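The values are calculated or read from the model by the stated rules, or taken from the named source; none is laboratory data. In this text the structure is predicted, and so the values were computed from the model without any measurement. Glycine also receives a Cβ, built like all others from the backbone with ideal geometry; neighbour counts cover every protein chain displayed.
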Amino acid sequence: MNIPLYYLRHYQSIEKTFWTSICEHSIQIAQHTICYLTPLNSPAFNFIYLQPDSTSHAFMQAHNLFVSQKKNHTLVIPEEMLQQVVTEAESLGYKRDSVTTAMALTLVKQNEVELPDNQVDIVLANHDLSLWAKPLVSAFYLSEEHDQVIQEYVRYHEDALQQGAPQFHLVLLVNGEPATSMTVTIEGTLARFDDIGTEPSH
């Protein structure tokens, strides 16, 4: 990820704000190694996050924590650390899954977007997260316990809001029906987008 250090630090900070607010436990193993745990035994919501400069020792501590909890989890490795960590990770049973890309948008450079002819509204759904969850149910299939996972995930967000998390749950309505949802976390002058899900029909 070839981005200036200034932006990387802010990215890591707002990322931590988001995950800390919705996870039951956020455990800092070392300066650059964090574990996020939820009651769900799903790798989508429990993970080890290695930041650049994480050490092998800290990684093993984090791994042993999840093993002791008997909890399925995901290991997130920055691209620049992959060669350093991959052999050890594979020896512990981790399997390559997917690559994610963090993207940044500078609003002053954003072009105007033409809206479709049909009626489109964007509403804040912090008071009713069931509305926000509808596109997520269709957009993401997580496991055989999909409905339970989504219900629990909604509860984590409800708890985060009650604790004052700086989150805004937005829903795009097309002709009055939820089409797309997203979570916006605000920290200073930065905003982070998560949980972007769209109904397949749109």
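For region 152-164, indicate whether the set of residues that are more than 17 Å from residue 19 (Cα to Cα), in contact (Cβ under 8 Å) with a residue 12 or more places away in the chain, not basic (Lys, Arg) and not in a helix (DSSP H, G or I) is non-empty. Please lay out each step first, then the result.
Restricting attention to region 152-164, the residues satisfying the condition of being more than 17 Å from residue 19 (Cα to Cα) are none.
So far as region 152-164 goes, no, none of its residues is more than 17 Å from residue 19 (Cα to Cα), in contact (Cβ under 8 Å) with a residue 12 or more places away in the chain, not basic (Lys, Arg) and not in a helix (DSSP H, G or I).
Output yes when any residue across region 169-187 is assigned to a loop (DSSP other than H, G, I, E, B) and not acidic (Asp, Glu), and no when none is.
Initially, region 169-187 is screened for residues assigned to a loop (DSSP other than H, G, I, E, B), giving 175-176.
Subset that is not acidic (Asp, Glu): 175-176.
Taking every residue of region 169-187 in turn, at least one turns out to be assigned to a loop (DSSP other than H, G, I, E, B) and not acidic (Asp, Glu).
If I ask for residues that are of a type in the set (Val, Ile, Thr) and not in a strand (DSSP E or B), which ones from region 15-31 would you list? Break it down stepwise before answering.
Initially, region 15-31 is screened for residues of a type in the set (Val, Ile, Thr), giving 17, 20, 22, 27, 29.
Result: 17, 20, 22.
Does region 37-57 contain any residue that is surrounded by fewer than 16 Cβ atoms within 10 Å (Cβ to Cβ), in the same structural domain as residue 9 (by TED's automatic domain parsing) and in a helix (DSSP H, G or I)?
Of region 37-57, the ones surrounded by fewer than 16 Cβ atoms within 10 Å (Cβ to Cβ) are 39, 41, 44, 52-53, 55-57.
Now narrow it down to the ones that are in the same structural domain as residue 9 (by TED's automatic domain parsing): 39, 41, 44, 52-53, 55-57.
This time we only want the ones that are in a helix (DSSP H, G or I), so: 56-57.
Scanning region 37-57 turns up at least one residue that is surrounded by fewer than 16 Cβ atoms within 10 Å (Cβ to Cβ), in the same structural domain as residue 9 (by TED's automatic domain parsing) and in a helix (DSSP H, G or I).
Please state which one of 149, 184 is surrounded by 12 or more Cβ atoms within 10 Å (Cβ to Cβ), under 22 Å from residue 49 (Cβ atoms), in contact with a Phe, Trp or Tyr (Cβ under 6 Å, 6 or more places away or on another chain) and outside the structural domain of residue 9 (by TED's automatic domain parsing). It would help to see each step written out before you state the result.
Numbers: 149 fails: in contact with a Phe, Trp or Tyr (Cβ under 6 Å, 6 or more places away or on another chain).
It is 184.
Can you name the condition, by its number, that residue 84 falls short on among (1) loosely packed, with under 10 Cβ neighbours inside 10 Å; (2) within 30 Å of residue 62 (Cα to Cα); (3) among the polar types (S, T, N, Q)?
Condition not satisfied by residue 84: (1).
Please go through region 60-80 and give me each residue that is part of a helix (DSSP H, G or I) and surrounded by fewer than 17 Cβ atoms within 10 Å (Cβ to Cβ), ordered by number.
Here is the first cut: in region 60-80, the residues part of a helix (DSSP H, G or I) are 60-69, 79-80.
Listed by number, the residues that qualify are 60, 61, 64, 67, 68, 69, 79, 80.
Mind listing whichever residues of region 102-149 are part of a strand (DSSP E or B) and either at pLDDT below 85 or over 13 Å from residue 183 (Cα atoms) (or both)? Walk me through how you get there before you give the answer.
Pass one, region 102-149, residues part of a strand (DSSP E or B): 120-124.
Result: 120, 121.
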